[in-house]
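Participant: Would you mind keeping the following structure in view while I ask a few things?
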Amino acid sequence: MSKLPLSFLNLFLFLLLTAIPSSVISQNVDTEKAILLKLKRELGNPPLLQSWNSSSLPCNWTGISCTDGKVSGLVLSNMNITATIPATICDLRNLTVLDLSYNYITDGFPRVLYNCSKLQRLDLSQNYFVGPIPDDIDQWLSTLKDLNLAANNFSGDIPPAIGNLTELQSLYLNNNQFHGTFPKEIGNLANLVLLGLAYNGFVPSKIPVEFGKLSKLTFMWITDANLIGPIPDSFASLSSLVQLDLAINNLEGSIPGGLFLLKNLTYLYLYHNKLSGEIPQKVEALNLVEIDFGTNSLNGSIPEDFGKLKNLQLLNLYSNKLSGEIPSSIGRISTLKTFKVFTNNLSGVLPPEIGLHSKLEFFEVSTNHFSGQLPENLCAGGVLLGVVAFSNNLTGEVPQSLGKCDALLTVQLYNNNFYGEIPSGIWTAINMTYLMLSDNSFSGELPRSLAWNLSRLEISNNKFSGPIPTGISSWVNLIFFDARNNLFSGEIPVELTSLSHLTTLLLDGNQLSGQLPSNIISWRSLVTLNLSRNALSGQIPAVIGSLPDLLDLDLSENHFSGEIPSKLGQLQLVSLNLSSNQLSGQIPDQFDNLAYENSFLNNSNLCAVNPVLNLPNCYIRPRRSSNKLSSKVLVMVLVLAITIFIVTTILTLVAVRDYMRKKHKHDMASWKLTSFQKVDFTQANILSSLTENNLIGSGGSGQIYRISVNRAGEFVAVKRIWNVRKLDEKLEKEFVAEVEILGTIRHSNIVKLLCCISKEDSKLLVYEYMENQSLDRWLHGKNRRSSSGTNSVHHVSLDWPRRMQIAVGAAQGLCYMHHGCSPPIIHRDVKSSNILLDSEFQARIADFGLAKMLAKQGEAHTMSAVAGSFGYIAPGKSIRHLQKCFI
């Protein structure tokens, strides 16, 4: 009887103790569920959070992790969230992990997270956050272990307070818009393992020596961050370091020898800097897998100790000043995949064993002084993708083993002393894209078939012979074909015309004969065609004039005959050479232009109507009458007598007229017209219209005229640049060079330079006419002029869509100048007065500062030595931001 109450009491106590936590847990779950459902609403009810509903438990919801039944992690990565971070998040009192990466959140640093007192991991990467990191971040988020703010738009300085987050193990601030400094206090983060500061526009900064105190650091990534000065010697203390990436900066000085003594160092990237001196010769970091020192100024020899690196997969030492021979031991590294030492002063024989013991993928040794033969076993591993060995002194035959290497993408052996035939397998390697063999002594014939993907074939200046095979029709992806200066013979096969992707065809300097195929309409992508110095004959096919993209045509030194097809005049040729043929008849009117003054030499039967070039006048000879003339004798005698009287009377007038014509022709001949576009006017049209009535503006470099060029009412703008003295030779060459560069630009947002008309002391630049003149006139309220040249009271306003259109157009023009031109063109004077508007308010960038090369210091109308307006510097960085916004 005494045990029953005790058992009952135990049971009661057990039920009581277990009931209380259950109710508490239930209450906690309901509270967190309510918080999360509210959070879902505040985030805009993302579709990917459908599992968040009142009928299930939060720990089973998408993106939620729990510890002891409480929400501790919120991972909402890639949820298409656009709303700002609500303060509700920090109502989750046990939250330690918050991941909102890969969303579209636009806001400053979320200070609402200061209330998340237990937060250890914060990932806001890949969003659109802006502004600075707060200076007091250490006072509120001191428990953070992982902070990732990468790939946003944070700016300003990285605050020193970051160095007080002593629990941090990873810090990623890379790929932002920081334009200030990064603090040396980062060196105080004794627990830091991972550091990423790459791809920021910091002010030029040295690497703090304090970073050498990060003894637990395994990963340092500061690529493209405007680093200057030396690599600190203190880095020898980074005993845990596995990867060091300081590439694409302006680091100077030598590579600290201590780096090669770090036992754990595996990846070392120092490429694209200004490092000099010798590479440390003592290497104890035997775990190195990748070494990339490309594009520096390193000298001396390649260390022998590199041959001890049994794990090395990548060795890039390209674009330095290294000399001596490559250690033969490198050829015995069994893990080596990539070997790039191009553009150095290396010499000697290439390591004969390279490729034999490893699965070599890339072998690039071009632009050195290597001699001897290519290593026989480069493709022994069967995975070789590229052999790039051009511009050396290599000799011998190409190894037959390369012909069995199906993986090859490119073989570039030009400018060496190779000879013999190319292994057949190289022509047909299934993945071959670029095959460049020019400037050697190779021989043999072309194969009937090539690799299906081959797009570029260069075999010029060799001894290839025989016909161009009819099987060339199978070379379907060929874009660039250069076979100049070989011994090819026979006719050009009609099958060649089926290569529709060709942009460049160079067959000059061979022994080709016969007529050109007439069916070349498939060459619609062709830009350059050179068939000069052969024995081709017959007429020039008129269909050449239908090739829309053709810019360069050279058929000189052949046996072409007949007339030049008038259809050729439709082409917008930059260069044309039909000299040294047997052509006859009238040249197309469009070519009667000083831009083509050397295009028709040594064709004695060519002529022109009203010639500008040094060609005879074309005329029609009268036909002889077959009627008897006896009945007209008396009339002819009478006419003859009258004619003698009249001739005697007007002889003096004729002499005066001839004198005036000769004088005018001499004046006209002193002007030279250089065309950059297809034009339908002559220099006489322009020169005769340079009157006061057509003057529409003037500036520091000259005057601007609006000139009508045809009856259809089309106009051009003519900028007349003068100088009070004759131009010296150097100045003249600079002017011509820059005009020729601008003349090659083809872009819808850059004003077209149609032609240049020049003589010794005066220059005329002829542009397309912009009806709405400059953006400056619209922005600053100056008088607008209509397309007819009169002041217009009613005008279109620059509403915001039109302003956006103008801004986008200007940015596209600048982007093309910076990235689409080779070499790039820097305007240096971008302002509203140099942005012109056509009739549809499309923007055209104008005024490239040519006048500054014509004016001389100390004379009237001189310009500042710096291009652009006095006291004005174009906002380069703002322009880059504009491009990012609109391109």
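Participant: Of all residues in the range 172-210 being part of a loop (DSSP other than H, G, I, E, B) and of a type in the set (Val, Ile, Thr), which is farthest from the chain's Cα centre (by Cα)?
Facilitator: 193
Participant: Take residue 449 and tell me if it is assigned by TED's automatic domain parsing to the domain that holds residue 468 and touching a residue at least 12 places away in the same chain (Cβ under 8 Å).
Facilitator: Here the answer is yes, as residue 449 does meet what is asked.
Participant: Looking only at residues that are within 32 Å of the chain's Cα centre (by Cα) and of a type in the set (S, T, N, Q) in the range 387-413, which one is nearest to residue 453 (Cα to Cα)?
Facilitator: Within the range 387-413, the match that is nearest to residue 453 (Cα to Cα) is 410.
Participant: Provide a single number: the residues in the range 566-583 that are assigned to a loop (DSSP other than H, G, I, E, B) and under 19 Å from residue 680 (Cβ atoms).
Facilitator: Number satisfying all stated conditions: 4.
Participant: Find all pairs meeting these conditions: Cβ atoms under 7 angstrom apart; at least six residues apart or on different chains; first residue within the range 508-531 and of a type in the set (Val, Ile, Thr); second residue assigned to a loop (DSSP other than H, G, I, E, B).
Facilitator: 520/541; 527/503; 527/549; 527/550; 527/551; 528/551
Participant: A further question on this structure: Within the range 101-124, take every residue that is among the aliphatic types (A, V, I, L, M) and more than 25 Å from residue 30 (Cβ to Cβ) and give me the one that is surrounded by the most Cβ atoms within 10 Å (Cβ to Cβ).
Facilitator: 124
Participant: Okay, moving on. For the range 510-552, how many residues are assigned to a loop (DSSP other than H, G, I, E, B) and more than 27 Å from the chain's Cα centre (by Cα)?
Facilitator: Looking only at that region, the number is 15.
Participant: I'd like the full set of residues that are among the aliphatic types (A, V, I, L, M) and either assigned to a loop (DSSP other than H, G, I, E, B) or outside the structural domain of residue 534 (by TED's automatic domain parsing) (or both), limited to the range 473-509.
Facilitator: If the condition is that a residue be among the aliphatic types (A, V, I, L, M) and either assigned to a loop (DSSP other than H, G, I, E, B) or outside the structural domain of residue 534 (by TED's automatic domain parsing) (or both), then 476, 478, 479, 483, 492, 499, 502, 507 are the ones that fit.
Participant: Whether any residue in the range 372-390 is on the phi > 0 side of the Ramachandran plot, of a type in the set (Val, Ile, Thr) and either in contact with a strand residue (DSSP E or B) (Cβ under 6 Å, 6 or more places away or on another chain) or in a loop (DSSP other than H, G, I, E, B) (or both) is what I want to check.
Facilitator: For the range 372-390, residues on the phi > 0 side of the Ramachandran plot, of a type in the set (Val, Ile, Thr) and either in contact with a strand residue (DSSP E or B) (Cβ under 6 Å, 6 or more places away or on another chain) or in a loop (DSSP other than H, G, I, E, B) (or both): absent.
Participant: Within the range 427-446, identify whether any single residue is closer than 26 Å to residue 519 by Cβ and exposed (fewer than 15 other Cβ atoms within 10 Å of the Cβ), and answer yes or no.
Facilitator: yes
Participant: Within the set of pairs 6 or more residues apart or between chains, which connect a residue that is outside the structural domain of residue 460 (by TED's automatic domain parsing) and modelled with pLDDT under 95 inside the range 403-430 to a residue that is of a type in the set (D, E, K, R) and crowded, with 20+ Cβ neighbours inside 10 Å with Cβ atoms less than 7 Å apart?
Facilitator: Final answer for the pair search is none.
Participant: Filter the range 352-364 for residues that are out of contact with any strand residue (DSSP E or B) (no Cβ under 7 Å at 6 or more places or on another chain) and closer than 24 Å to residue 441 by Cα and give the result.
Facilitator: 352
Participant: Please determine whether any residue of the range 577-593 is modelled with pLDDT of 95 or more, within 24 Å of residue 481 (Cα to Cα) and in contact with a strand residue (DSSP E or B) (Cβ under 6 Å, 6 or more places away or on another chain).
Facilitator: Within the range 577-593 (the criterion being modelled with pLDDT of 95 or more, within 24 Å of residue 481 (Cα to Cα) and in contact with a strand residue (DSSP E or B) (Cβ under 6 Å, 6 or more places away or on another chain)), the answer is yes, since at least one residue qualifies.
Participant: Same structure, new question: Working only within the range 315-348, note down all residues that are assigned to a loop (DSSP other than H, G, I, E, B), surrounded by fewer than 21 Cβ atoms within 10 Å (Cβ to Cβ) and touching a His at 6+ places or on another chain (Cβ under 8 Å).
Facilitator: Correct list: 334 only.
Participant: Same structure again: Do we have any residue at all in the range 211-232 that's in contact with a Lys or Arg (Cβ under 7 Å, 6 or more places away or on another chain), at pLDDT 95 or above, surrounded by fewer than 18 Cβ atoms within 10 Å (Cβ to Cβ) and in a loop (DSSP other than H, G, I, E, B)?
Facilitator: no
Participant: Taking the conditions exactly as written (at pLDDT below 70, under 30 Å from the mean Cα position of the chain (by Cα) and part of a loop (DSSP other than H, G, I, E, B)), does residue 822 satisfy them or not?
Facilitator: Considered against the rule, which asks whether it is at pLDDT below 70, under 30 Å from the mean Cα position of the chain (by Cα) and part of a loop (DSSP other than H, G, I, E, B), residue 822 comes out as yes.
Participant: Give the residues of the range 825-838 that are at pLDDT below 85, within 20 Å of residue 716 (Cβ to Cβ) and surrounded by fewer than 20 Cβ atoms within 10 Å (Cβ to Cβ), sorted by residue number.
Facilitator: 833
Participant: Further question on the same structure: Return the residues of the range 430-472 that are over 17 Å from residue 412 (Cα atoms) and either part of a loop (DSSP other than H, G, I, E, B) or in contact with a Cys (Cβ under 9 Å, 6 or more places away or on another chain) (or both); say none if nothing qualifies.
Facilitator: 445, 446, 447, 448, 449, 452, 467, 468, 469, listed by residue number.
The values are calculated or read from the model by the stated rules, or taken from the named source; none is laboratory data. Model, not experiment: these values are computed from the prediction. Glycine also receives a Cβ, built like all others from the backbone with ideal geometry; neighbour counts cover every protein chain displayed.
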